[in-house]
Structure formats: C-alpha cells, structure tokens
Amino acid sequence: GPLTIAEFANKINKPVTEIVKYFFKKGMMLNQNFILNEDQIGELALEYGYDFKKENSVTKENLLETFEVEDTPESLVERAPIVTIMGHVDHGKTTLLDALRHTNVTKGEAGGITQAIGAYQAIAPRSKKKITFIDTPGHEAFTEMRSRGANATDIIILVVAADDGVMPQTEEAIDHAKNAGVPIIVFINKMDKPDANPDRVKSELMERGIVTEEWGGDIPFIEGSARENIGLDDLLDTILLVAEVEDLKANPNKFASGVVIEAHLDKARGPVASILVQQGTLRLRDILVAGGTHGTIRDIRDDKNKAITQAGPSTPVQIVGLNEVPQPGDKFLVLNDEKIARDIAEAQAQKIARDAMQGSKIVTLDSIKSQIEEGDLKNLNIIVKADTQGSVEALKSSLMKLEIPGVTIDIIRSGVGAITNTDVTLAQTANALLYGFNVRPSSEVRQLIDERGVDLRLHNIIYKVIEELEQAAKGLLDPEM
Ligand code: GDP
C-alpha cells in the first residue's frame, strides 16, 4: 500500500530526517508526509538493504556484506561471548582449549565430550553462563576470517608460558588484537613449573603496552596451569566480566545470520559446514546462503554431536544441506526462499570469482597518491621486518619523521626476522605496505604475497625507503621500480 516518508522511516527504524536528507541530496525537497511511489520505495529499499515483500531479503550483489536489520533495543538479549585463544607455539593453547572444554562435563556423562566442529561452548561453573570458544588455536584462523571481513571474536585470551615469557608469536597476537580492537585477557600458563616467573611475563608485556590491573593497567591477568587445571574458573569468570563490559547482545527473533568457521566434503553426508550463529535463530529446514553456495538445512548438530532443531546467537553448530562446500570466513544468512537464495548464491559466487581475479583493494605504493587524493587513505599502515633490531629501530624512526600531508603513518608491526605468512595476512587485513629490510620472503611466502596482492618492498638502504615513499606520495614513482 502507499507509504509516506515518515511511515517508511518508521518501518526501517531510521530517523525521518535521514530519508528527507536522502532525497534532498538528490535535489528533491520532500516532507515527511510525502507519499512514496513504488520506484522510490524500491530505490530506498536498495539503499537501506531492505525488501519489503520478503522479510530479511535484500539485493543480490551486496547482500552478505551490507545485510543488517536494525534491532530495537527491546529485541536484544544477552549472548555468550565468543573467545579466541592466541599465543606462542607450545605455550599451552591446545591444552587450555581442551581443559576448558571439559570444565562443565561431569564424570561419566555419556556423549558429554565435545566434538571437533571448530568451536564449542563451555559453561562457567560459578555463574552457569555460556562461553563460546573458537577451537582452532593460533592466529591463522583469526586473520583469515578478518581478511574476509568476518568478525567472529569478542575477546582474545593471550596465553603466555610463565617459564618462557613474551615470544614472537605473543607479539603477533598483541598486534592482531590491537588491530582488530578486540579486548585481551592474559592467561599466564605453566605456573606449576618450578622456573615459572610471572613477574617477568608481566614486565615484558608491560613493555608492549599490555599492563596488568595489578600494576595500574586495564588488562586482566590470570595465573594458572592448563595442564593442572589451575586458574580455569577464574579465567572463565574473567571472560564473563569482560563480556559484561562489552555488553554483547543479539536479537534471537529473526532469521539467522553468522559466519562459516570450517567446512568439508563428507562422502556420505555431502558438504558439512561448521557455522557460528551470530544473529537470529537457525532452524531445521531453513534455506540459507553461505558465501557462493546455498541449500536447505537437513541436519543441525551441536558441539556434542547431538541433533538439535534450532540454535540461537553465539551457538556453534554443524549443518548439512548446502549444495557446495563454503569457505571459512564466508558469511551466511537465512532467507527461506529457494529462488532468492539460489540467485544470491550465484551472484556471490561470481563476485567471489571476480574479486579473486582482480585481487582485493589493497594499498600499493603505486596507488598511494590517487588514494590520498580521493581521500581514501588517511592512515598509511606499514609493517617492517629487518635483519637486526638496529635496522628495525632506524627504519621506524625515519618513517615516523616522514611527513605526508593529510596522512598519518602507523607502523602496526615491526620485528627482526624473515617475512612470514602472518606478516602477509596482517598486511592484507590491515591494508598495510610491507617492508623487508635486508630480509627476503621464502618462495612459499612469496606466493601468498602474490595471491593476496600485498605490496612488498625490499630494500637495504634506509634513505631509499624514505625517498621511495615520498616520491610515491607525490605520484612520481617510476613504474619500472
Ligand atoms: P600450543 O602449541 O600453544 O597449543 O601448546 P600445547 O597445548 O600443545 O602445549 C605444549 C606443551 O606444554 C605440551 O607438552 C603440554 O603438555 C605442555 N603444557 C601445557 N600447559 C601446561 C601447564 O600448565 N603446565 C605444564 N607443566 N605444561 C603444560
């Protein structure tokens, strides 16, 4: 039926002025009682990602990126925090994940042990509240998801072994957390060891800006042992405290949307996907799109391999029924319309193929000038790897002195050593230039650099780095360089 601007605004939960402004920008002065015609409604629906004929459906091309239904404050309920465990190799990430997995399993409970579906839920013993853990320790899964635009972590637990202290991957984890703006909880592990030295861990982390509450900072630290089950309840409680501050909420009363954690092809069952519901409630027989594929859900299993019929926000589940295997980091969305789902999946698949061919829009030295001019680049992120700490410091201080009008330079990561896959993924995720000073990538890393379209600059003279950047900012870079 006919719809006024005021009614339309009301329907999509936007201020009336926003719709009036939208038309004003297009040269039309309309007041809130103006009756919209069908074309205008269609245009606005597109603009705001709505289709009024079908709840929850949007346009094909931009759907999975732009999709978001405005939730009224009353529709939002508390949801479980989603936690990723990071830290240096051998510091105890896997042991901690295993220990936490068993915290709420009573002895002898049949089928109580969780299945490996990429994530699981634990129940904090004291508050009885749920916490969702992403079950792949390490940084790759996290950066991979982020590089694909998916955000599936509310809190990062940084595991540091008390007998080893801050190591390269500890620093990496800090960089990732800061870059993603995700709060950190530090778990000082292996406190059972005779040479455990938590104060050393605290001071080493303090040097990197991670200051324990005990020393006046704002980062919670828990000391314990994953292997000996010490400090785990404290850790779970602390996660819930941080979650409370973060005020994590979701609307369970709409079609589900979320992210694919992992997927594989099962000979008997076909494509099997582990997904994390972030919004809404997923139900058996729902029709969904996941990245470039779609299908009707025939089976939902929880993390204990129990068949269930529905799953609300923050719940990880394994589903069967997709036509093809989606990618980790793919977003999914329930549409409950087979034809629309198929259309969208096809459009998505084409878009994915296009993006893969074009490479993602990443900053390169050649494009700096135009990006600055178009106002796309206000922050130039840089990652520096060099052969010695001396070179790292020298490069950093020269870069910090460099002035490019309208642009601030951020060195988001620097370190001694070869260029690694993690450097490349972070460069892609944070849209950063990657500098190697007297270091080179391996052929495997080189391949990833090419795949991701990251601009790697190799140098061995500092002033050349600076000169090259200055020239690029002025647009004078010789394309042959
Ligand atoms: P990850 O590489 O970070 O996943 O580390 P793992 O969980 O595989 O642990 C590496 C080693 O440290 C294993 O031999 C574990 O048994 C051991 N470990 C883990 N946590 C503890 C702990 O709290 N105390 C002691 N003594 N050893 C631990």
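Structure summary
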| quantity | calculated |
| --- | --- |
| Per-residue [θ]222 nm for the chain (sum of -39500 (n - 2.57) over DSSP H runs n ≥ 4, rounded to 500) | -10000 deg cm²/dmol |
| The stretch 140-236: radius of gyration over Cα atoms, expressed as a fraction of 2.2 N^0.38 Å | 1.09 |
| The stretch 2-49-the stretch 246-260 distance, computed between alpha-carbon centres (Å) | 27 |
| Lys/Arg +1, Asp/Glu -1 at C-beta; the chain dipole; positive extreme among Leu232, Ile368, Gly291 | Gly291 |
| Residue-by-residue Karplus 3J(HN,Hα) for the stretch 35-44, coefficients 6.51, -1.76, 1.60, Hz, glycine and proline x | 8, 6, 8, 4, 4, 5, 5, x, 5, 5 |
| Dipole-positive endmost among Leu97, Thr4, Ile184 within the chain (Cβ charges, Cα centre) | Thr4 |
| Cα convex hull of the stretch 316-457 - mean projected area over all directions, nm² | 11.7 |
| Electrostatic dipole magnitude of the chain [Cβ: Lys, Arg +1; Asp, Glu -1; Cα centre; debye, to 20] | 1000 |
| Lys/Arg +1, Asp/Glu -1 at C-beta; the chain dipole; positive extreme among Gln350, Gly217, Pro405 | Gln350 |
| Average Cα contact separation per residue, the stretch 267-398, under 8 Å, 6 or more apart, as relative contact order % | 25 |
| Rounded percent of accessible protein surface that carbon and sulfur make up, the chain, 1.4 Å probe | 49 |
| Solvent accessible area, Å² - Ile134, 1.4 Å probe, full protein context | 10 |
| Normalised alpha carbon radius of gyration of the chain [divisor 2.2 N^0.38 Å] | 1.08 |
| Between the stretch 405-481 and the stretch 303-342, the alpha-carbon center distance in angstrom | 38 |
| Segment Glu38-Glu228, length gained on full extension (0.36 nm per residue, minus Cα span) | 61.8 nm |
| Sites Asp90 and Glu214 - FRET efficiency at Förster radius 30 Å, r taken between beta-carbons, to 0.05 | 0.70 |
| Residue-level accessible surface for Arg342, protein heavy atoms, 1.4 Å, Å² | 100 |
| Accessible solvent surface per residue of the chain, calculated while the other protein chains remain in place, 1.4 angstrom probe, Å² | 48 |
| Contact order relative to length of the chain, as percent, for alpha carbon pairs under 8 angstrom and 6 or more apart | 12 |
| Asn460-Leu265 pseudo-label distance in nm [points 7 Å out on the Cα-to-Cβ vector] | 4.7 |
| Cα-based shape type of the stretch 205-264, given that a ≥ b ≥ c are square roots of the gyration tensor eigenvalues and the cut on a/c is 1.5 | prolate |
| Radius 13 Å from Cβ of Lys25, net charge of other residues (Lys, Arg +1; Asp, Glu -1) | -1 |
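The values are calculated or read from the model by the stated rules, or taken from the named source; none is laboratory data. The model shown is predicted, which means the values in this text are computed figures rather than measured ones. Cβ atoms come from the backbone with ideal geometry, glycine included; neighbour counts cover every protein chain shown. Note: areas computed on protein heavy atoms with side chains; ligands, DNA, RNA excluded. Shrake-Rupley method; radii C 1.70, N 1.55, O 1.52, S 1.80 Å.
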